[in-house]
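Novice: If you scroll down you'll find the structure; I have some questions about it.
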Amino acid sequence: MRYSLLIAVMLSACSAKEQAGPAPGTFAGAGRDRLCIAGEGELLRAGLITYAAQGDANCSMAGKLERKGEAWVLIPRGEGECQLALTVDQSGARIASVPGACSYYCGPGASLAGRSFKRDSKAAQATDFAGSKLC
């Protein structure tokens, strides 16, 4: 009986860690690209901005961050169809796949495809083009 209780406690502790989510912070990508993660547990949120190779055209979104299978999914505020899959670990994050419904969040010539970010506590905050914080 004691062993069963011990195993149950250990398993619940592991499950709690898995559900906790990625640590909050700022992630820097190429050039001005940024990703941020804030909150914890069911209140995780994220925001990102990526820029076109030239100029200020960009993709920008912010919303809740949810676990879906092996990936984390950024679901922009007020959205349901755009669910941007992210692979996140302690050192960085990358965009795993970009559904067509997410193209709404990109200006001409800007793309989310293939973007990756490294955790960087010294990087500038993730802000939209107008300067508002994304997290």
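Novice: Report the local net charge at GLN125: Lys and Arg +1, Asp and Glu -1, summed over other residues whose C-beta lies under 12 Å from its C-beta.
Specialist: Neighbour charge sum, excluding GLN125 itself: +2.
Novice: Another question about this same structure. Take every Cα pair under 8 Å in the chain that's 6+ residues apart, average their separations, divide by the length, and report that relative contact order as a whole percent.
Specialist: The value is 25 percent.
Novice: Under unit Cβ charges (Lys, Arg +1; Asp, Glu -1), what dipole magnitude, rounded to 20 debye, does the chain have relative to its Cα centre?
Specialist: With Lys and Arg at +1 and Asp and Glu at -1, about 300 debye.
Novice: Classify region 51-129: rounded, prolate or oblate, from the alpha-carbon gyration tensor (a ≥ b ≥ c, eigenvalue square roots; a/c under 1.5 rounded; otherwise prolate if a/b is larger than b/c)?
Specialist: oblate
Novice: A follow-up question, please. Leaving out ligands and nucleic acids, note down the accessible area per residue over the chain with a 1.4 angstrom probe, in whole Å².
Specialist: Result: 61 Å² of accessible area for each residue.
Novice: If each residue of separation counts as 0.36 nm, what is the full-extension length gain between ALA57 and ALA96 once their alpha-carbon separation is subtracted?
Specialist: Additional length available on full extension: 11.9 nm.
Novice: Could you tell me, in Å, what Rg and Dmax come out for the Cα atoms of region 60-104?
Specialist: 10.2, 29
Novice: What does the charge count around LEU134 come to, taking other residues whose C-beta lies under 11 Å from its C-beta (Lys +1, Arg +1, Asp -1, Glu -1)? Spell out each step's value before the answer.
Specialist: Values: positive: ARG34, ARG45, ARG77, LYS133; negative: ASP128.
In short, +3.
Novice: Carbon-plus-sulfur fraction of the accessible area of the chain, 1.4 Å probe, in percent?
Specialist: Here it works out to 54 percent.
Novice: Would you be so kind as to identify which of CYS135, VAL98, ALA57 lies farthest towards the positive end of the dipole of the chain, taking Lys and Arg as +1 and Asp and Glu as -1 on Cβ and the Cα centre as origin?
Specialist: Selected residue: CYS135.
The values are calculated or read from the model by the stated rules, or taken from the named source; none is laboratory data. Small disclaimer: the values here were computed from a predicted structure and weren't measured. All Cβ positions, glycine included, derive from the backbone under ideal geometry; neighbour counts span all protein chains shown. These accessible areas exclude ligands, DNA and RNA; they are computed on the full protein's heavy atoms, side chains included. Shrake-Rupley method; radii C 1.70, N 1.55, O 1.52, S 1.80 Å.
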